[in-house]
1. Need the full-extension length gain, residue 75 to residue 45, defined as separation in residues times 0.36 nm minus the C-alpha distance. One decimal, nm.
2. Residue 121 to residue 54: FRET efficiency via 1/(1 + (r/R0)^6), r the Cβ-Cβ distance, R0 30 Å, to the nearest 0.05?
3. Go ahead and set up a Gaussian network model of the chain, Cα springs under 10 Å, then flag whichever of 132, 116, 150 fluctuates most.
4. Distance in nm between label sites at residue 86 and residue 32, each 7 Å beyond Cα in the beta-carbon direction?
5. Using 0.36 nm times the number of residues separating residue 179 and residue 61, minus their current alpha carbon distance, what extension gain do you get?
6. So for each of 55-64, 80-89, 155-164 I average, over its residues, the number of other beta carbons within 10 Å; can you give me the resulting order with the highest mean first?
7. In what sequence, highest mean first, do 173-182, 90-99 appear when ranked by Cβ atoms within 10 angstrom?
8. For the chain, with only Lys/Arg (+1) and Asp/Glu (-1) charged at the beta-carbon, what is the dipole magnitude about the Cα centre, in debye rounded to 20?
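Please treat every number below as a calculation from the coordinates, not as lab data. Computed from a predicted model, the values in this text were never measured in an experiment. Cβ coordinates were reconstructed from backbone atoms using ideal geometry, including for glycine residues, and neighbour counts include every protein chain displayed.
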Amino acid sequence: MAELELFFDCGSPWTYLAFEGVGPILRETGARLQLRPILVGGVFNAVNQSVYEARAHPIPQKAAYHGKDLADWARFRGLQIGWPKVFPVRSVRVMRGCLVAEESGRQEAFARRAFEAYWRDLEDISQPVVLERIAIDVGIDPQLLLKRIEAPEIKQALNRNTQELIDRGGFGSPTFFVDRDDLYFGQDRLELIRHALLERAS
């Protein structure tokens with residue numbers, strides 16, 4: 001069985017599209033998905049600071065197309081994606097929350113609800129009250145979640161994932177690896193990922 005890793009940060013709309021778009025590929029290929037929460041800001045700071053320059057000095061034509069492109073992909077994936085007032089969001093707590101949710105087997109559900117809260121419901125997922133609601137929605141004790149996201153081992157795990165992505169050549173979210181050594185960046189690479197998984201299965 002092939003392994004597909006997804007290094008992700010819920011603060012990216014393109015990652016939301018990838019997160020929801022990969023399901024049919026997993027069912028078709030039988031690949032096993034491993035979710036790897038990261039802090040994408042840490043990746044940008046280390047290896048991709050051009051992102052900040054692009055945000056500070058956007059090209060108007062490109063920005064207009066960016067909005068259309070996102071809307072087109074959201075419609076294609078059957079998702080509702082708006083633009084939150086708080087962007088970029090400080091995602092460190094919610095990404096630690098994904099690691100806490102993994103401890104009870106609810107990581108995928110927690111991540112999905114976090115994506116929905118931010119990109120569909122346009123809530124500020126950095127706020128404890130929002131994290132509490134997400135936890136309740138997926139069956140996690142909210143007070144336990146808020147306590148565990150401050151635990152040193154959870155903080156260290158998120159930092160390790162982030163550094164691992166950098167060390168393996170990643171520069172943003174979403175980043176996929178097929179069987180650890182084959183890197184793909186972006187939600188629009190899912191068809192290539194499907195092809196790679198089918199090749200390995202043949």
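1. 7.6 nm
2. Numbers: r = 27 Å, r/R0 = 0.89.
Efficiency, from the Cβ-Cβ distance: 0.65.
3. Comparing 132, 116, 150 in a Gaussian network model of the chain, the most mobile one is 150.
4. 3.6
5. Working: separation 118, 0.36 × 118 = 42.48 nm, distance 3.82 nm.
38.7 nm is the gain from fully extending residue 179 to residue 61.
6. Details: 55-64: 9.4, 80-89: 14.6, 155-164: 16.5.
Per-residue Cβ counts within 10 Å, averaged per peptide and sorted highest first, yield 155-164, 80-89, 55-64.
7. Values: 173-182: 19.1, 90-99: 22.7.
Put in order of decreasing packing, that is 90-99, 173-182.
8. Working: 26 positive and 28 negative charges, 72 e Å.
That gives a dipole near 340 debye.
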